Amino acid sequence: MILVCNDDGVHAPGLAVLAAALAPLDRVFVVAPDREQSAAGHAITLSRPLRAELLREGWLAVDGTPTDCVNLAVNGLLDERPWLVVSGINRGANLGDDITYSGTVSAAMEAVLQGIPAIAVSQAGKSNFDYGAAACFAANLCRVVKHSGLPDDTLLNVNVPENCKGEGFVVTRQGRRRYGDAIVEKTDPRGRKYYWIGGDDLGFDDEPGTDLAAVHAGLVSVTPLHLDLTNHGSLGFLDDIQKTWAPD
Ligand code: MN
């Protein structure tokens, strides 16, 4: 069984296109948030109960986050353990630093935490989304994973550009985006201030080999991610402090 999830909500067109594309590979079960949960990150709901509503055969809507959906599906809702979790197809790219905010990628992260191989798929663009090419690529990649598996603790972050060039892909690492730090401050009709986060997109560091550079060049980007956030390059720095540690 393949479990399909997303963060755009159970009614998002990218989810239906993905589920349909994966159907020839195996039984597909969809468990997705009942509404948009973009930028939910890896949040899990612990302060209230969750409810799952059967929309139709093989399609469940959960009133929670993408992480809730995968956790609940694997540990409670499904009658068999999926061999693969695929998240998407997200409406918009998940590249560089944005991955840390992404509900799409977090659903795949949750699968890896549950010991299941996972792929996150995102369609770059701002409007007029067409998920056909991304769905076709995802199905082909899942066919390979079905045959070869994935290394332990690994999820694949796939980003498909608009007007994709060619049928292949490039193997990339996580890049860096540049953001403006603008906060928009306004006043509501009752005289209270409110704020919008979301600075201007100032582009990105165009470093070769990154996910951002690949998608900007019109190529499908596949980045292997893991959940170890340890900064291995800084261990030595801390070791030095620890050796000379002299509390007052
Ligand atoms: Mn989204």
Mind ordering 55-64, 139-148, 225-234, 185-194 by average Cβ neighbours within 10 Å, highest first?
55-64, 139-148, 225-234, 185-194
For the stretch 22-71, how big is the tail of P(r) above 18 Å, as a whole percent of Cα pairs?
33
What number in nm² do you get for the chain if you take the convex hull of its Cα atoms and divide its surface by four?
18.7
So what is the diffusion coefficient of the stretch 122-248 in µm² per second by Stokes-Einstein at 25 °C and 0.890 mPa s, using a Kirkwood Rh over Cα pairs?
133
For Ser87, the residues 5 or more places away or on another chain with a placed amide H closer than 5 Å to its own amide H are Cys5, Ile119, Ala120, Val121
For the stretch 10-144, what does the equivalent ellipsoid look like in terms of its semi-axes, each the square root of 5 times an eigenvalue of the Cα gyration tensor, given largest first in whole Å?
21, 18, 14
With equal scatterers on the alpha carbons only and no solvent term, can you work out the Debye log10 of I(q)/I(0) for the stretch 1-84 at 0.12, 0.13, 0.16, 0.25 1/Å?
-0.30, -0.35, -0.54, -1.31
Which helices of the chain meet both criteria: a Cα extent of 18 Å or more along the helical axis and a mean Kyte-Doolittle score no lower than -1.0, with helices taken as whole DSSP H segments?
132-148
The stretch 84-121 scanned against label point 7 Å out from Arg27 along Cα→C-beta; backbone N under 16 Å for 84-85
Starting at the first residue of the stretch 67-75, write each ³J(HN,Hα) from the Karplus equation 6.51 cos²θ - 1.76 cosθ + 1.60 with θ = phi - 60°, in whole Hz, x for Gly and Pro.
5, 3, 4, 5, 4, 5, 4, 5, 9
Roughly how many whole Å is it from the C-alpha centroid of the stretch 150-203 to that of the stretch 37-111?
19
At q = 0.26 Å⁻¹, what is the base-10 log of I(q)/I(0) for the stretch 159-224 according to the Debye formula with one equal point scatterer per Cα and no solvent? Please give it to two decimals.
-1.04
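Rule-based calculations on the coordinates, nothing more; no lab input. These figures come from a predicted structure and were not determined experimentally. Glycine gets a Cβ as well: all are built from the backbone with ideal geometry, and neighbour counts include every protein chain shown.
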